[in-house]
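Input: a single structure, listed below in structure tokens.
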Amino acid sequence: MTQRRILVLSGRGRYEDPWHDHAATSHVVAGILGDQGDVEVRGLFRDALDDLDSVDLLVVNGGSGRRDAGFDGSDDDWLAVHDRLAAWARAGGAVLGLHQAANTFYDAPDWAAVLGGRWIPGESMHPPIGDARFELVQGHPVTDDLRVVEAFDERYCHLSVAPETRVLGTTLDDDGTPHPVLWVNETHGGRTVYSALGHDVRSFASEGHRELLRRSAAWLLS
């Protein structure tokens, strides 16, 4: 059986920030998914997706950084990268978006449709990081018999979620209001799982979180 190829895109330059250690979390994610295929971690350079057609699963672990052209290219410089990713996803590609994937690629017109949702500046937020509980919905291979994930993490709230996505997990804000943090999207031609978990390596110390990642990858590769 041919080994599946998993590419973890790790935020850097235009898609990194000082609050998230994408290199560290990408390394941990690669270790967790190592039994699912041949895993490579690659920084988010403009040539990072040149061989995307040979990838079976793309894990996006980047964020939002500096958009000024003099730092890491202009929107136009990155347009071909985003077009390549969107076309691959529409052609049946499998995407696993982690945490800041909801607010990365802010210059990509099709990313929200691929991911199935978005972080909205000025509206989306999270309470202070701490011990958090994430309730999971049954009836899908990603979550069946995994009802709760507890992890030291941020609780993303007020994300914009496309109506056609299937929400599989929620968390409560400090007022007790539930907010979607885990969903699947199959409306763009391929498959996507988005999980808002994964602020830093402490989150991945949770066996429940590690199991959620393994199940997500297994479903995306099935």
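The values are calculated or read from the model by the stated rules, or taken from the named source; none is laboratory data. All of these numbers come straight from a predicted model, not from anything done at the bench. Every residue, glycine as well, gets a Cβ built from its backbone with ideal geometry; the counts of neighbours run over all protein chains shown. Heads up: the accessible areas ignore ligands, DNA and RNA and are worked out on the full protein's heavy atoms, side chains in. Shrake-Rupley method; radii C 1.70, N 1.55, O 1.52, S 1.80 Å.
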Scanning region 1-26 residue by residue, the ones that are within 23 Å of R66 (Cα to Cα), surrounded by 16 or more Cβ atoms within 10 Å (Cβ to Cβ) and not charged (D, E, K, R) total 9
Considering (1) of a type outside the set (F, W, Y); (2) surrounded by fewer than 13 Cβ atoms within 10 Å (Cβ to Cβ); (3) touching a residue at least 40 places away in the same chain (Cβ under 8 Å); (4) farther than 14 Å from H209 by Cα, say which one L159 fails and leave the rest. (2)
Report the residue count in region 175-204 for those that are closer than 23 Å to A113 by Cα, at pLDDT 95 or above, open to solvent by 10 Å² or more (accessible area, probe 1.4 Å) and polar (S, T, N, Q). 0
Every residue in region 205-219 that is part of a helix (DSSP H, G or I), open to solvent by 10 Å² or more (accessible area, probe 1.4 Å) and touching a residue at least 12 places away in the same chain (Cβ under 8 Å), please. A205, G208, R210, E211, R214, R215, A218, W219
Restricting to region 61-88, and then to whatever is surrounded by 20 or more Cβ atoms within 10 Å (Cβ to Cβ) and touching a Gly at 6+ places or on another chain (Cβ under 6 Å), can you tell me which residue is farthest from L7 (Cα to Cα)? G63
Which ones in region 89-111 are open to solvent by 10 Å² or more (accessible area, probe 1.4 Å), among the hydrophobic types (A, V, I, L, M, F, W, C) and touching a residue at least 40 places away in the same chain (Cβ under 8 Å)? A91
Only one of these is more than 15 Å from the chain's Cα centre (by Cα) and touching a residue at least 60 places away in the same chain (Cβ under 8 Å): V114, V81, V142, V148. Name it. V148
Does any residue of region 151-160 turn out to be over 25 Å from W19 (Cβ atoms) and out of contact with any Leu (no Cβ under 8 Å at 6 or more places or on another chain)? no
